[in-house]
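Participant: Input: one structure, supplied below.
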Ligand code: ATP
Ligand code: MG
């Protein structure tokens, strides 16, 4: 456990929000006007790694700490200048190996500094960086490395064993770069050795805005993960949304808890915050409430970006936040799943701050809809579209529906961080578009005040007695009960009602399943939900099936309940 503080505690001053007047900015903003906010070269070229790190290495921020790295029993820090030089070295290592533009280079590492260095180094060469969770097994690795045709893989001595289980089935994979070995096999490269002899200057590849920079696979919540490719231009949106939504200022110490195997860990764990010149905390370790609070305390984290699943687990851990001085935190954001109002209220009690929900997807590369520090939040609502984003609710024919009516959440596909392609699958890519709209695959409602409410994924919406019910509404009612920390709700075929609602619930510490508890929960949710939205079946479970990015996988609950095949499980926890 971490006890002592690593840096002197600064005075917590709450700065003026970067985005002062949402309405005015929304009314006037155009993306092209913001292009010069990131570093551009002559002839309209850029490189996202240069925009993120190198330009600060040449400015007054050069000796500012860019990365505070916290491992299990030691820590390290890197300035912008150091990150820039190290990623230059790695870019030289790849060049030496004969890398070419558009080559896929995948990273299979825990959250160690080499992950960040190599990610930036790959971008600098013009190749495509791919990321994977270090918890993936051979099956998850095979799907990604084979589909992407990765030419190089960066990993460590213990993880590489999983790669060797499938090595023979990966004809495109030429070299495995091992970060912690000096004595390596013939088709391997020793990272420490190669880095030692590489130059720390590099002529960064000048890319066209639409050239690919990184790719990763979606979370796999609804089915087989899709290979999403992002372009260098995406940095414009990652930069501005970091400024507006995460509200990073010069003095902030920012902690994004997401792993770069998930898009949040790239867009808001690397590119967005570094491009804003922020100091980023990275914790290489498993979730543990006490350790997490210690990290906030140790680094005096001021801005914190995490996910509902983590906040629910912290809520479940109860009062232990009282053992820590969390007074440095001034702004908290959440993404990945609907943020139940109950968690926002808990955040107020625990941190004295509301948690700001925001919505986006792997495919959109950056935040789309958000609650901003300068705007009142409505607990349970996702907020309003980012300036530059046109969001609407449309019916299945592509017509906009009136406020208050549920429909498909759609966006005008004219924003810089929208994906470039689904790797080797143009047909899948086309499925996202209809009548000039990009379809998120999510169902939502817009209120007349402009706020959006998440209803559910299109696949998860339940049809019961002729009424449509979103799982989010039912799950939120359930977790408002003191005994319930998590809930996953599905529709179960029923001869009379079409579907009935079944709820799987996880109880908090100190609660045991009993008939009394069940009746109490039934009474409790009845007062909060319309009759048709009331779950007719309850089941207490130890855990809910989740993806590596922490999302409840309702298709698994359905498959198990109905005895159907479970489908792709490569990205499940
Ligand atoms: P797959 O596309 O492989 O099924 P996935 O959709 O979970 O997986 P991600 O791109 O990581 O993969 O997640 C995006 C989805 O997460 C959104 O489409 C939405 O369903 C959900 N989501 C993200 N943020 C929010 C939010 N703030 N509120 C509600 N849902 C959210
Ligand atoms: Mg998705």
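The values are calculated or read from the model by the stated rules, or taken from the named source; none is laboratory data. Predicted model, so just to flag it, every value in this text is computed and none were measured. Here Cβ is always computed from backbone atoms with ideal geometry, including for glycine, and neighbour counts include all displayed protein chains.
Participant: Take residues that are closer than 30 Å to residue 483 by Cα and either at pLDDT below 95 or within 13 Å of the chain's Cα centre (by Cα) (or both) and tell me which of the helices (runs of 4 or more DSSP H) falling wholly in the range 261-330 contain 1 or more.
Facilitator: 308-316
Participant: Could you please find all residues in the range 67-87 being out of contact with any helix residue (DSSP H, G or I) (no Cβ under 7 Å at 6 or more places or on another chain) and in contact (Cβ under 8 Å) with a residue 60 or more places away in the chain? Working first, answer last.
Facilitator: Looking only at the range 67-87, we keep the residues that are out of contact with any helix residue (DSSP H, G or I) (no Cβ under 7 Å at 6 or more places or on another chain), and these are 71-75, 77, 79, 82, 85.
Passing the criteria: 71, 72, 75, 85.
Participant: Continuing with the same structure: Output the residues belonging to the range 80-105 that are under 20 Å from residue 215 (Cβ atoms) and part of a loop (DSSP other than H, G, I, E, B).
Facilitator: 97, 99, 100, 101, 102, 103
Participant: Considering the range 331-365 alone, what residues qualify as being in a loop (DSSP other than H, G, I, E, B) and more than 16 Å from ligand 2 (Cβ to nearest atom)?
Facilitator: Once the filter is applied, which keeps residues that are in a loop (DSSP other than H, G, I, E, B) and more than 16 Å from ligand 2 (Cβ to nearest atom), the range 331-365 yields 339, 340, 352, 353, 354.
Participant: With farther than 18 Å from residue 65 by Cβ and either surrounded by 22 or more Cβ atoms within 10 Å (Cβ to Cβ) or in contact with a helix residue (DSSP H, G or I) (Cβ under 8 Å, 6 or more places away or on another chain) (or both) as the only criterion, which of 277, 269, 261 stands out?
Facilitator: 261
Participant: Within the range 201-233, restricting attention to residues that are surrounded by fewer than 16 Cβ atoms within 10 Å (Cβ to Cβ) and more than 30 Å from residue 559 (Cα to Cα), which residue is nearest to ligand 1 (Cβ to nearest atom)?
Facilitator: Ranking the qualifying residues of the range 201-233, first place goes to 210.
Participant: Grab the strands (runs of 3 or more DSSP E) fully contained in the range 465-515, keeping just those with 3 or more residues being on the phi < 0 side of the Ramachandran plot, crowded, with 24+ Cβ neighbours inside 10 Å and assigned by TED's automatic domain parsing to the domain that holds residue 530.
Facilitator: Filter on the range 465-515 gives 484-494, 498-507.
Participant: Just wondering, is there one or more residues in the range 419-429 that are under 22 Å from residue 549 (Cβ atoms) and away from ligand 1 (no atom under 14 Å from the Cβ)?
Facilitator: yes
Participant: When residues of the range 306-353 are filtered for being within 26 Å of residue 17 (Cα to Cα) and more than 13 Å from ligand 1 (Cβ to nearest atom), how many remain?
Facilitator: Number of matching residues: 19.
Participant: Now for a different question. Tell me, yes or no, whether the range 237-250 has at least one residue that is outside any helix (DSSP H, G or I), within 12 Å of ligand 1 (Cβ to nearest atom) and more than 25 Å from residue 23 (Cβ to Cβ).
Facilitator: No, the conditions are met nowhere in the range 237-250.
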